[in-house]
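Notes follow the structure.
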Amino acid sequence: MRVLFLVLILLIVSFISLFVGNQAIAPSRVFGMDEIQFLVFTVSRIPRTLALLLSGAGIAVAGFIMQQIAQNKFVSPTTAGSLDAAKLGILVGLLWFPHLGLIQKILLSLLFCFAAGVAFILLIKRLKIKNVILIPLIGIMFGSILSAIATFFAIKYNIVQNVEGWLIGDFSGVLQGQYETIYLIFPVVIVTYILANQFTLIGMGENFSKNLGLNYNTYMFLGLLCVSLTVSVTVVTVGTIPFLGLIVPNVVRIYKGDNLKKVLPLTAWFGAVFLVVSDILGRIIIAPYEIPIGLMVGMLGGLIFFLLLMRINK
């Protein structure tokens, strides 16, 4: 019964997403649309909703993996430098490899994101004091350094406004034929579910997992690879979406615990619903204009992140 209720909520928010926007399309006229409405519905609204669902689910799951690997509930692609590394990879591609195709840009972004993830994990392993707040703060500083490097080169080559504008998460430009790489998130979620027990053991510590016969480094690298692919695909396709991978796993963990295999479906569901609802609000608040999803999630996510910090300090 609970599963049916969750599925119903997902269908309702997806249905609303299909009909909300600057171009009014009444649900009652779905089979009587004119040519322009039909094009908007098939070329823009359906791809946009699918991209929202996949991005939300993928980033939420990626956040949970990062938290398991780092053994810290406040680590995510936002607070570990992954988003900034992906942006740096894209900038390198724009400046020195301008003729790269979309897949090549994703691979370059993936390389930078994966390298940053490995560097961050190695960095926090050397810390003697593993404070729950200190580690994400180090990750934020690490990401700020990467962002500063990207900004330096963007200013040097006079493309800073283009880069900043392009990398703000925004689904308004998602059109049929320009978003399909987002489907790469789906196999990542499947692989994560298959390896969920191993990622759960990793979250219990290196010594504990090795004592159980688990190859810790192998599964750590696989987890980082899954996170990097999800982040890279999302950033290249729709831009950066901050805090989503941080707040969704924490909210789910509060009520359902840390067993990834048990909470993975709920984490993916919550991430998808949260992103779709945020996007709907962004289309409604200042209609007929839109608030980019990166700003919308950033505002909501920042508030929830603050509340989570307050909850930990009590």
### Query
Consider S172 against the criteria (1) over 19 Å from the mean Cα position of the chain (by Cα); (2) polar (S, T, N, Q); (3) surrounded by 16 or more Cβ atoms within 10 Å (Cβ to Cβ); (4) part of a loop (DSSP other than H, G, I, E, B): it satisfies all of them except one. Which criterion is unmet?
(1)
### Query
Taking the condition charged (D, E, K, R) and in a helix (DSSP H, G or I), does K105 pass?
yes
### Residue within segment 27-40 that is surrounded by 14 or more Cβ atoms within 10 Å (Cβ to Cβ), in contact with a helix residue (DSSP H, G or I) (Cβ under 9 Å, 6 or more places away or on another chain), among the aliphatic types (A, V, I, L, M) and not in a helix (DSSP H, G or I) present
yes
### Message
Looking at segment 296-314, I want the residues that are more than 17 Å from P77 (Cα to Cα) and surrounded by 11 or more Cβ atoms within 10 Å (Cβ to Cβ) and have a partner that is at pLDDT 75 or above and among the hydroxyl-bearing types (S, T, Y) with Cβ atoms under 6 Å, at least 6 apart or on another chain. Which pairs are those?
### Response
M296/S278
### Task
May I ask you to verify whether G101 is exposed (fewer than 14 other Cβ atoms within 10 Å of the Cβ), farther than 17 Å from K73 by Cβ and among the small types (G, A, S)?
yes
#### Entry: Among residues of segment 202-221, those that are surrounded by 15 or more Cβ atoms within 10 Å (Cβ to Cβ), in a helix (DSSP H, G or I) and touching a Leu at 6+ places or on another chain (Cβ under 8 Å), counted
3
### I133 being within 25 Å of T267 (Cα to Cα) and either of a type in the set (D, E) or buried (at least 19 other Cβ atoms within 10 Å of the Cβ) (or both)
no
### Message
I'd like the full set of residues that are in contact with a helix residue (DSSP H, G or I) (Cβ under 7 Å, 6 or more places away or on another chain) and surrounded by 16 or more Cβ atoms within 10 Å (Cβ to Cβ), limited to segment 85-98.
### Response
A85, A86, K87, L88, G89, I90, L91, V92, G93
### Task
Could you please find all residues in segment 223-265 being of a type in the set (D, E, K, R) and in a helix (DSSP H, G or I)?
R253, K256, K261, K262
### Query
Got at least one residue in segment 78-93 being over 17 Å from the mean Cα position of the chain (by Cα), part of a helix (DSSP H, G or I), modelled with pLDDT under 90 and more than 26 Å from G223 (Cα to Cα)?
no
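Answer yes if at least one residue in segment 85-92 is in contact (Cβ under 8 Å) with a residue 12 or more places away in the chain and either under 25 Å from S209 (Cα atoms) or among the hydroxyl-bearing types (S, T, Y) (or both), and no otherwise.
No.
Yes or no: segment 178-201 includes at least one residue that is part of a loop (DSSP other than H, G, I, E, B), surrounded by fewer than 22 Cβ atoms within 10 Å (Cβ to Cβ) and either modelled with pLDDT under 80 or among the charged types (D, E, K, R) (or both).
Among the residues of segment 178-201, at least one is part of a loop (DSSP other than H, G, I, E, B), surrounded by fewer than 22 Cβ atoms within 10 Å (Cβ to Cβ) and either modelled with pLDDT under 80 or among the charged types (D, E, K, R) (or both), which makes the answer yes.
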### Query
Checking F120 against (1) modelled with pLDDT of 85 or more; (2) over 25 Å from G298 (Cα atoms), which test does it fail?
(2)
### Query
If you go through segment 275-292 one residue at a time, how many are surrounded by 15 or more Cβ atoms within 10 Å (Cβ to Cβ), farther than 24 Å from K73 by Cβ and either in contact (Cβ under 8 Å) with a residue 40 or more places away in the chain or touching a Lys or Arg at 6+ places or on another chain (Cβ under 7 Å) (or both)?
6
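The values are calculated or read from the model by the stated rules, or taken from the named source; none is laboratory data. Given the structure is predicted, the values throughout are model-derived calculations rather than measurements. No Cβ is skipped: glycine too gets one built from the backbone with ideal geometry, and neighbour counts run over all protein chains shown.
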